[in-house]
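The structure appears below as structure tokens.
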Amino acid sequence: MRIDVRKYKKKYLIGWLTFVIEVMLFFYFLAFPVIEENAYYFNTDNIENIGKAGVITNSRTNVLSIQADGKKLTSVMVSFYMEQDFESGEIIYQVFHGEDEISDGVFELKNLINDGSSPYLSKIPVNIENTKGIKIIFKGSDISSNVKVGLYIDNLNGQSYVNLNDESINRYQVPVFQLNTYKKSYPYQWDLLLIMTINGIWIVLLKEKRYYELPHK
């Protein structure tokens with residue numbers, strides 16, 4: 001039977017070129033990791049007794065006081081409760097770093113999702129580096145007098161990085177929250193290592209097959 005030597009050379013070349021490309025990609029993703037948002041402090045994993053705090057109205061505010069320990073804070077996640085029917089209304093938030101307002105936005109009540117057994121977290125963009133702390137002020141707008149809306153709290157928790165209304169008698173109420181920062185991630189490294197291993201095994205098997213099938217001294 002005639003054996004096509006060129007077939008083996010072509011497969012061998014493809015195998016090695018593929019392996020070299022995989023190695024280059026591996027080191028590329030190692031040198032340039034994916035930057036993604038990641039929670040670094042939160043209390044959503046062990047909440048046993050959820051409570052409700054400080055109703056937000058058109059004339060009454062809630063204030064979150066947040067410590068950050070010099071980290072880059074990218075966003076804050078909180079959870080709102082709502083009672084009674086509503087058709088309109090919104091919660092306006094302002095984020096302060098010292099005396100400077102660094103962010104603001106609006107949550108429409110009709111778009112908020114809440115479930116007392118598993119609070120839904122709403123995201124507040126912050127994006128500030130090397131901060132020791134910020135404050136977020138929530139106030140209502142066009143909220144009907146028969147609607148109750150405020151923040152869920154963890155009734156069993158004590159002081160934490162985040163306190164609600166820390167300038168009032170409620171300074172030890174801890175809201176349901178999550179603090180986010182950016183983190184380097186290497187999501188492709190293990191996949192590439194697996195592919196490189198499979199490709200290496202294929203090259204070795206091809207070499208063995210070539211050794212036994214082709215004429216050699």
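The values are calculated or read from the model by the stated rules, or taken from the named source; none is laboratory data. Not measured: the values here are computed from a predicted model. We place every Cβ from the backbone using ideal geometry, glycine too, and count neighbours over all the protein chains shown. The accessibility values were calculated without ligands, DNA or RNA, using every heavy atom of the protein model including side chains. Shrake-Rupley method; radii C 1.70, N 1.55, O 1.52, S 1.80 Å.
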Checklist entry - When the residues of the stretch 70-96 are filtered to those that are in contact with a Lys or Arg (Cβ under 7 Å, 6 or more places away or on another chain), open to solvent by 40 Å² or more (accessible area, probe 1.4 Å) and not aromatic (Phe, Trp, Tyr), which remaining residue is modelled with the lowest pLDDT? => result Gln84
Item to check | Enumeration of residues in the stretch 19-57 that are without any contact (Cβ under 8 Å) to a residue 60 or more places away in the chain and of a type in the set (A, V, I, L, M) | outcome: Val20, Ile21, Met24, Ala31
Next on the checklist: Considering only residues that are at pLDDT below 90 and exposed (fewer than 14 other Cβ atoms within 10 Å of the Cβ), which ones fall in the stretch 136-158?
Outcome noted: Ser145, Asn146, Leu156, Gly158
Item to check | Qualifying positions in the stretch 15-48 - aliphatic (A, V, I, L, M), in contact with a strand residue (DSSP E or B) (Cβ under 7 Å, 6 or more places away or on another chain) and at pLDDT 80 or above | outcome: Ala39
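Residues checked against (1) aromatic (Phe, Trp, Tyr); (2) at pLDDT 80 or above; (3) more than 30 Å from Val76 (Cα to Cα):
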position	(1), (2), (3)
Val174	no, yes, no
Gln178	no, yes, no
Gln189	no, no, no
Ile203	no, no, yes
